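One structure is given here, and the rest of the page talks about it.
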Amino acid sequence: MNKWTEEENKKLSDVILERIYRDLKPLDEKKILVLCSSEGDVAFWLVEKNKNFGGKVLGLELNEECLKKSVKRAKEKS
């Protein structure tokens with residue numbers, strides 16, 4: 001599976017992610033499950049968007065390569 005294109009990332013961040021964030025607000029203490037988040041992009045973005053986030057975000061990835069990359073990224077971030 002390929003990483004999202006620059007155009008897809010822009011659309012994702014400008015439209016979709018902001019909509020997800022707005023729909024979930026307030027995020028405090030919520031438990032969020034992100035399905036097929038493309039190497040963890042959506043899950044990481046949600047946590048980074050709300051630095052004082054006290055809840056949990058769990059990303060579930062069905063593609064094995066994306067899963068491996070997201071696990072590696074999560075380890076690098078912790």
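Read-outs: derived from the displayed coordinates by stated rules, not from any lab. Because the structure is predicted, anything quoted here is derived from the model rather than measured. Cβ placement follows ideal geometry from the backbone for every residue including glycine, while neighbour counts extend to all protein chains displayed.
As I understand it, the dipole of the chain uses +1 on the Cβ of Lys and Arg and -1 on the Cβ of Asp and Glu, about the Cα centre. Which of 13, 66, 55 lies farthest toward its positive end?
In the chain, that residue is 55.
Could you pull out the trypsin sites (Lys or Arg not before Pro) across region 41-78 that fall in loop regions by DSSP (anything but H, G, I, E, B) with no more than 15 other Cβ atoms inside 10 Å?
Sites meeting the loop and neighbour criteria: 51.
Can you list residues whose amide H is under 5 Å from residue 57's amide H, if they're 5+ apart or on another chain and H is modeled 1.01 Å from N?
Long-range HN contacts for residue 57: 32.
Taking θ = phi - 60°, what integer Hz values does the Karplus form 6.51 cos²θ - 1.76 cosθ + 1.60 yield along region 69-74, in sequence order, with x for Gly and Pro?
Karplus values, whole Hz, x for Gly and Pro: 5, 5, 5, 4, 5, 5.
Among the aspartates and glutamates, select those whose C-alpha is under 20 Å from the C-alpha of residue 69, and discard any that sit fewer than 8 residues away in the same chain.
6, 8, 39, 41, 48, 61
Restricting to DSSP H runs of at least four residues, report the calculated mean residue ellipticity at 222 nm for the chain, -39500 (n - 2.57) per run over all residues, nearest 500 deg cm²/dmol.
-13500 deg cm²/dmol
Which of the following values of Cα Rg over 2.2 N^0.38 Å was calculated from the structure shown: [x] 1.63; [y] 1.07; [z] 1.25?
[y]
Please compute the contact order of the chain in relative form: average sequence separation of alpha-carbon pairs under 8 Å and at least six residues apart, divided by the residue count, as a percent.
32 percent
Do the alpha carbons of any pairs in 25/72; 25/68; 51/72 sit beyond 26 Å of each other, and which pairs?
25/72; 25/68
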